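Novice: For reference, the structure I am asking about is given below.
Nothing in this text is a laboratory measurement; each read-out follows from the coordinates by a stated rule. Since this is a predicted model, take the numbers as computed values, not measurements. We place every Cβ from the backbone using ideal geometry, glycine too, and count neighbours over all the protein chains shown.
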Amino acid sequence: MESPKHKIDTTQWVDRYADYLFNYAITRVNDSYVAEELVQETFVAGLKAMKNFKGEATERTWLISILKRKIIDQYQKANSKKGQAEVRMDYSTSSDREGDWLEEQVEDSTTMNAESRLENKELGLAIEICLEKLPVKQAEIFKQKTILEQETDTICKEHDITASNLWVIIHRARVQLMKCLEDDWFKN
Amino acid sequence: MKNKLFISCEEAAHRIDKAQYGETTFWEKLSFNFHNLYCSHCKVYAAINKRLTLLFKSGDVHCLTREQKSKMKEKLADTASSS
């Protein structure tokens, strides 16, 4: 029997979960455009499958499970197009890599090993969880300043706040994040 | 703002935050460094704050812009109204 234990407010989904899902997707598909599309598809699929949500997991966990399936579909789609793609693939312009398929160059070119890459992905998601705990407006302004690296003036105009207000918001956000990461990341 | 060498912890914290975004002036840096000489509390705050900045740089954190989110909201609203 169905019990309406959990009420979903889909109008809050984008503000609450879009960045977390985007982070999750981008670290797996390495393409911001594709990641954005996957997040959009996840929300649409979630909306259509809302009646299946029993409230046993959090909304975020449930949306992540949908996103995971979308990512698998994306990989399968990419693999099914592989044969066609190879015909159109170009060589690297760099002479020392001539002859390498573009496909082989997808791997991260930095010297990071698999373990540190995994740790960075986890850290990215841990940061995102801490960001979710901030008030929506505060998180938005902080992200614009810190992640999107937008100019102070631009953010102030957009939110109709003074530079002093902005720095107070940034300060509060940083203090809360430091505490959250200290509790959730460094102690584990 | 009048330049002064002795600043309060509140002002120092403000400068530490601004420094994370490379937005401090020469004088602000100087007065903050001077403040750090005698204030261990702010010194700790500066160290933790710097660590947070490094975490953001190493944590591979991404986010969507306001425009991208607006489009998503519109699409979601359209889907909700059509279903």
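Novice: Please arrange B:Met72, A:Met50, A:Met178 by how many other C-beta atoms lie within 10 Å of their C-beta, fewest to most.
Specialist: So the ranking, lowest neighbour count to highest, is A:Met50, A:Met178, B:Met72.
Novice: What does the charge count around B:Val61 come to, taking other residues whose C-beta lies under 11 Å from its C-beta (Lys +1, Arg +1, Asp -1, Glu -1)?
Specialist: 0
Novice: Using r as the Cβ-Cβ distance of B:Lys43 and A:Ser164, and R0 as 25 Å, what FRET efficiency do you calculate, to the nearest 0.05?
Specialist: Efficiency computed from Cβ-Cβ geometry: 0.55.
Novice: Starting from 0.36 nm per residue, how many nanometres of slack lie between A:Lys68 and A:Leu118 once their C-alpha separation is accounted for?
Specialist: Extra length available between A:Lys68 and A:Leu118 comes to 16.3 nm.
Novice: What nm distance separates the two modelled labels at A:Asn52 and A:Asn30, each placed 7 Å from Cα along Cα→Cβ?
Specialist: Computed distance between label sites A:Asn52 and A:Asn30 equals 3.0 nm.
Novice: To continue, here is another question. Be a star and scan the stretch A:134-162 for residues whose amide nitrogen sits under 12 Å from the point 7 Å along the Cα-to-Cβ vector of B:Ser70.
Specialist: Under 12 Å, as judged by backbone N against the label point of B:Ser70, lie A:158-159 of the stretch A:134-162.
Novice: Next up: Please state the shape class of chain B: rounded when a/c is under 1.5, otherwise prolate if a/b exceeds b/c and oblate if not, all from the C-alpha gyration tensor.
Specialist: It comes out prolate by the Cα gyration axes.
Novice: Still on this model: Mind checking the angle between helix B:26-38 and chain B's longest principal axis? C-alpha axes, 0 to 90 degrees, to the nearest 10.
Specialist: Roughly 70 degrees, rounded to the nearest 10.
Novice: Could you state the angle between the C-alpha long axis of helix B:9-19 and the longest principal axis of the C-alpha atoms of chain B, as a value from 0 to 90 degrees rounded to the nearest 10?
Specialist: 60
Novice: When the Cα centres of the stretch B:8-83 and the stretch A:22-43 are compared, how far apart do they sit, in Å?
Specialist: 24
Novice: Round to the nearest 10 and give me the degree value, 0 to 90, for the angle of helix B:66-82's Cα axis relative to the longest principal axis of chain B.
Specialist: Roughly 30 degrees between the two axes.
Novice: List the cysteines of chain B that have no other Cys Cβ closer than 4.7 Å: which are they?
Specialist: B:Cys9, B:Cys63
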